[in-house]
Amino acid sequence: MNQAKSTLEQWRILQAVVDHGGYAQAAQKLNKSQSSLNHAVAKLQSQLGVALLEVKGRKAYLTETGEVLLRRSRHITRSVSELEILAKNLQKGWEPTLVIAREIIYPMDKLVDALSLFEPQGRGTRIIILDSVISGTLELIESEQVDIAIAGTTPKGYLAEPLCHVKFLLVCHPSHPLATRSEPLDDKSLAEHLQIVIKETGQVSRSDFGWLKAEQRWTVANFHEAIAILNRGLGFCWIPEHLVSDLLAKGCLHKLDLQGSSHRQGTLNLIIPNRDNQGAASQLLEQLILAQHQ
């Protein structure tokens, strides 16, 4: 087996020089001298026998060969970092903190039921719950900022376990003009009124979820804010049935019938963003959440 000519540290230095725009900036970020970074990259090029960087003026630019090798090196250094994290987690065996991303349409009582069973066995593990909406949930999964995610959409390349279906109802206040209509509404009549929609929590919106044809729309952060607006007799909104069933039964809200769409339905899934990084506490909580839907 041939011994490697280069080291991970050399590749990490090269990545830093490129990512931070030069040797001086990289040296500051890495808390190393600029000369040591220059030496490391020069030695790497000499060992490989190829030019990775070329200097134009005062700035170093990647060569075509450098671009290819740098891209591949990122996969390798990332894999080593993940391997080190896995070893650390296997050593400690139990996570001190678990971060959960919860798509806000997921029934909170189901999560609390699972957490209630987890708490006596949790060894003091701290729980952080992040409420998220569509693109925000996907970004938390893809950036691996959470240990467990409950999402309506599964990002490409991830495995998901279905949990439940959530039914959405179109509702307004009983005093709203739409509530006086005896026949099912059509798109045109609905579009003439104010629609309340929930804002995605991601940096980049990835979808126009549901019916969004109203000329006038108010966007809010969650369904509690939407219901507060509806209670004032303003607008209409698609809201999960479990959040409005009591209000409908008491006559506080009114269910609208839309021609061709009496209700909507979404599927929620449980996703572990990084199985290699999953510890015993996450495994236990995962099983307890799944058990709520068996």
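The values are calculated or read from the model by the stated rules, or taken from the named source; none is laboratory data. A quick note: this is a predicted structure, and the numbers were derived from the prediction, not measured. Cβ sites come from the backbone with ideal geometry, for glycine too, and all protein chains shown count toward neighbours. For accessibility, only protein heavy atoms count, side chains too; no ligands or nucleic acids. Shrake-Rupley method; radii C 1.70, N 1.55, O 1.52, S 1.80 Å.
If I ask for residues that are surrounded by 19 or more Cβ atoms within 10 Å (Cβ to Cβ), farther than 22 Å from Val133 by Cα and of a type in the set (A, V, I, L, M, F, W, C), which ones from segment 259-283 would you list?
Of everything in segment 259-283, just one residue is surrounded by 19 or more Cβ atoms within 10 Å (Cβ to Cβ), farther than 22 Å from Val133 by Cα and of a type in the set (A, V, I, L, M, F, W, C), namely Ala281.
Name the residue that is farthest from Val204 (Cα to Cα), counting only residues in segment 140-172 that are surrounded by fewer than 19 Cβ atoms within 10 Å (Cβ to Cβ) and out of contact with any strand residue (DSSP E or B) (no Cβ under 6 Å at 6 or more places or on another chain).
Among residues in segment 140-172 that are surrounded by fewer than 19 Cβ atoms within 10 Å (Cβ to Cβ) and out of contact with any strand residue (DSSP E or B) (no Cβ under 6 Å at 6 or more places or on another chain), the one farthest from Val204 (Cα to Cα) is Leu159.
Select, from Thr137, Thr180, the only residue that is crowded, with 19+ Cβ neighbours inside 10 Å and of a type in the set (Val, Ile, Thr).
Working: Thr180 fails: crowded, with 19+ Cβ neighbours inside 10 Å.
When all the criteria are applied, what remains is Thr137.
Tell me which of these Tyr158 doesn't satisfy, since it passes every other one: (1) closer than 30 Å to Glu82 by Cα; (2) of a type in the set (Phe, Trp, Tyr); (3) part of a strand (DSSP E or B).
(3)
Taking segment 124-176 only, how many residues are among the charged types (D, E, K, R) and more than 28 Å from Ser262 (Cα to Cα)?
Initially, segment 124-176 is screened for residues among the charged types (D, E, K, R), giving 126, 131, 139, 142, 144, 147, 156, 161, 167.
With the extra rule that they be more than 28 Å from Ser262 (Cα to Cα), the set shrinks to 126, 139, 142, 144, 147, 156.
Count: 6.
State which residue is surrounded by the fewest Cβ atoms within 10 Å (Cβ to Cβ) when the search covers only segment 110-127 and only residues that are closer than 24 Å to Asn269 by Cβ and either among the hydroxyl-bearing types (Ser, Thr, Tyr) or out of contact with any strand residue (DSSP E or B) (no Cβ under 9 Å at 6 or more places or on another chain) (or both).
This residue is Ser116.
Would you check which residues across segment 1-48 are aliphatic (A, V, I, L, M) and outside any helix (DSSP H, G or I) and list them?
Taking segment 1-48 as the starting set, the residues that turn out to be aliphatic (A, V, I, L, M) are 1, 4, 8, 13-14, 16-18, 24, 26-27, 30, 37, 40-42, 44, 48.
If the condition is that a residue be aliphatic (A, V, I, L, M) and outside any helix (DSSP H, G or I), then Met1, Ala4 are the ones that fit.
Only one of Tyr106, Tyr61 is of a type in the set (Ser, Thr, Tyr), over 30 Å from Ala226 (Cα atoms), out of contact with any Ser or Thr (no Cβ under 8 Å at 6 or more places or on another chain) and not in a helix (DSSP H, G or I). Can you tell me which?
Details: Tyr106 fails: over 30 Å from Ala226 (Cα atoms).
Result: Tyr61 is the single residue among Tyr106, Tyr61 that is of a type in the set (Ser, Thr, Tyr), over 30 Å from Ala226 (Cα atoms), out of contact with any Ser or Thr (no Cβ under 8 Å at 6 or more places or on another chain) and not in a helix (DSSP H, G or I).
Select from segment 1-59 the residues that are among the charged types (D, E, K, R) and over 38 Å from the mean Cα position of the chain (by Cα) and write down the one among them that is most open to solvent (accessible area, probe 1.4 Å).
Within segment 1-59, the first condition is being among the charged types (D, E, K, R), and the residues that meet it are 5, 9, 12, 19, 29, 32, 43, 54, 56, 58-59.
Filter once more, keeping what is over 38 Å from the mean Cα position of the chain (by Cα): 5, 43, 54, 56, 58.
Working: Lys5: 138, Lys43: 102, Glu54: 80, Lys56: 117, Arg58: 248 Å².
By that ranking, first place goes to Arg58.
Please go through segment 235-286 and give me each residue that is under 18 Å from Val99 (Cβ atoms), in a helix (DSSP H, G or I) and among the polar types (S, T, N, Q), ordered by number.
Scanning segment 235-286 gives Asn277, Ser282, Gln283.
From the set of residues in segment 218-252 that are more than 25 Å from the chain's Cα centre (by Cα) and closer than 15 Å to His193 by Cβ, which is most open to solvent (accessible area, probe 1.4 Å)?
Arg232
Within segment 84-95, identify whether any single residue is over 20 Å from Gln278 (Cα atoms), without any contact (Cβ under 8 Å) to a residue 12 or more places away in the chain and surrounded by fewer than 17 Cβ atoms within 10 Å (Cβ to Cβ), and answer yes or no. Talk me through it step by step, then tell me what you get.
Of all residues in segment 84-95, those over 20 Å from Gln278 (Cα atoms) come to none.
Among the residues of segment 84-95, not one is over 20 Å from Gln278 (Cα atoms), without any contact (Cβ under 8 Å) to a residue 12 or more places away in the chain and surrounded by fewer than 17 Cβ atoms within 10 Å (Cβ to Cβ), which makes the answer no.
I need every pair where a residue in segment 65-80 that is in a helix (DSSP H, G or I) has its Cβ under 9 Å from the Cβ of a residue that is among the basic types (Lys, Arg), sequence separation at least 6 or different chains.
Going by the 9 Å Cβ cut-off, the qualifying pairs are Ser73/Arg12; Thr77/Arg12.
Filter segment 193-209 down to residues that are modelled with pLDDT under 90 and out of contact with any Ser or Thr (no Cβ under 8 Å at 6 or more places or on another chain) and give me whichever is least open to solvent (accessible area, probe 1.4 Å).
So the residue we want is Phe209.
For Lys188, only one of the following conditions fails: (1) at pLDDT below 90; (2) under 17 Å from Tyr106 (Cβ atoms). What is its number?
(2)
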